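What follows is one structure encoded as structure tokens, with my remarks underneath.
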Amino acid sequence: MCWVQRVWQWLVIAVLSATACGQKPGAPSDFAVERQRMVQQHLVPRGIHDERVLAAMSKVPREEFVPPQSRDASYEDGPLPIGYDQTISQPYIVAFMTEQLRLKSSNRVLEIGTGSGYQAAILAELVSEVYSIEIVEPLARTAETTLQRLGYKNVNVKIGDGYKGWPEAAPFDAIIVTCAPDKVPQPLIDQLKDGGRMVMPVGKRFAQQLYLLEKKNGQMKESVTLPVRFVPMVREAK
């Protein structure tokens, strides 16, 4: 074998060894490391302390819920576009809203605005049943496929107007709304169990507040938690 062949063979072996032993950017192990870094750098220092919520955020693969071109940014603490003028919320907001609900494993939760399905997956790690409504049909179909592929069998996805809620499955122990109406929808109030909690952004496109609502003895107690910016709630044409 001539020296040129030997050098070429050595280079091939070196490349193959690097491919087998190393990890390319975006490999599953890299995403797992980034997921843990996201929890430790962006969630815990900012006050997310519920161990069950942190465990869910540490487990659910956010990279599976974003478009391929955005996968490398999966664990940056910011929203990402998912098409159809919609976004996947930043991890901190997902964790904060989830923690506000004080969920129990036996709870049934209604989500308005399925989007990519990421928030539904987080909820599915924490409760017995999730009912999620999305008005944009292609997003609903894609989210449902992703959730099923990842093994989430306790998430029910429906295409429809989230303002109306899901009366056939009501009442719910908790409700989370990931799009902003200009006022709290009465159907959602009606579908929340007494003693239940609801978290949602309310307001115009660039001036929203995140509301926490608690239902006690049929009355709603409201408190404002954070200034936020969500996509507006889309309604069905009348």
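Between the Cα long axis of helix 137-149 and the first principal axis of the chain there is an angle of about 60°, rounded to the nearest 10.
Normalised by the number of residues in the stretch 80-228, the mean separation of alpha-carbon contacts (under 8 Å, six or more apart) gives a relative contact order of 18 percent.
When the Debye formula is applied to the Cα atoms of the stretch 113-195, each taken as the same point scatterer, what base-10 log of I(q)/I(0) results at q = 0.12, 0.15, 0.21 Å⁻¹? Debye curve over Cα of the stretch 113-195, log10 I(q)/I(0) at q = 0.12, 0.15, 0.21 Å⁻¹: -0.32, -0.50, -0.98.
Give the carbon-plus-sulfur fraction of the accessible surface of the chain in %, rounded to a whole number; probe 1.4 Å, heavy atoms of protein chains only. That share works out to 54 percent.
The residues neighbouring LEU126, those whose beta-carbon lies less than 15 Å from its own, together hold a net charge of 0 under the Lys/Arg +1, Asp/Glu -1 convention. Peptide packing: for 147-154, 122-129, 102-109, 161-168, the average count of neighbouring Cβ atoms within 10 Å per residue gives the ranking 122-129, 161-168, 102-109, 147-154, highest mean first. Between the Cα long axis of helix 28-38 and the first principal axis of the chain there is an angle of about 50°, rounded to the nearest 10. Amide H contacts for ILE88 (H built 1.01 Å from N in the peptide plane; partners 5 or more residues away or on another chain; cut-off under 5 Å): LEU80, ILE82. In this Cβ point-charge picture (+1 for Lys and Arg, -1 for Asp and Glu), the chain has a dipole of about 140 debye about its Cα centre. Mean sequence separation of contacting Cα pairs (under 8 Å, at least six apart), scaled by the length of the stretch 46-94, corresponds to a relative contact order of 23 percent. Other residues with beta-carbon under 12 Å from the beta-carbon of ARG37 carry, at +1 per Lys or Arg and -1 per Asp or Glu, a net charge of -3. Here the relative contact order of the stretch 78-153, from alpha carbon pairs under 8 Å that lie six or more residues apart, stands at 26 percent. Centre-to-centre, using Cα atoms only, the stretch 33-53 and the stretch 112-189 are separated by 24 Å. Distant-in-sequence amide contacts of ASN156, defined by a placed amide H-H separation under 5 Å and a gap of 5 or more residues or a different chain, comprise VAL130, TYR131, SER132. Set against the 2.2 N^0.38 Å expectation for a compact globular protein, the stretch 112-158 has a Cα radius of gyration ratio of 0.97. If a paramagnetic tag sat 7 Å from the Cα of ARG235 along the Cα-Cβ line, which residues of the stretch 136-170 would have the backbone N under 12 Å from that point? Under 12 Å, as judged by backbone N against the label point of ARG235, lie 162-164 of the stretch 136-170. Compared with the dominant Cα axis of the chain, that is its longest principal axis, helix 3-21 is turned about 20°. Most simply put, the chain has about 50% antiparallel DSSP beta bridges, counting only bridges with both residues inside it.
With 0.36 nm allotted per residue and the present C-alpha distance subtracted, the LYS183-GLN219 stretch has 11.3 nm of extension available.
Convex hull volume of the C-alpha atoms in the chain, normalised per residue: 148 Å³. The calculated FRET efficiency for the pair ASN154 and ALA207, based on their C-beta separation and a Förster distance of 45 Å, comes to about 0.80. Expressed as a fraction of 2.2 N^0.38 Å, the C-alpha radius of gyration for the stretch 68-162 is 1.03. For the stretch 209-238, the set of GluC sites (Glu not before Pro) satisfying both a DSSP loop assignment and a count of at most 15 other C-beta atoms within 10 Å is given as GLU236.
The values are calculated or read from the model by the stated rules, or taken from the named source; none is laboratory data. These numbers come from a predicted model, not from an experiment. Neighbour counts run over all protein chains shown; Cβ positions are idealised from the backbone, glycine included. These accessible areas exclude ligands, DNA and RNA; they are computed on the full protein's heavy atoms, side chains included. Shrake-Rupley method; radii C 1.70, N 1.55, O 1.52, S 1.80 Å.
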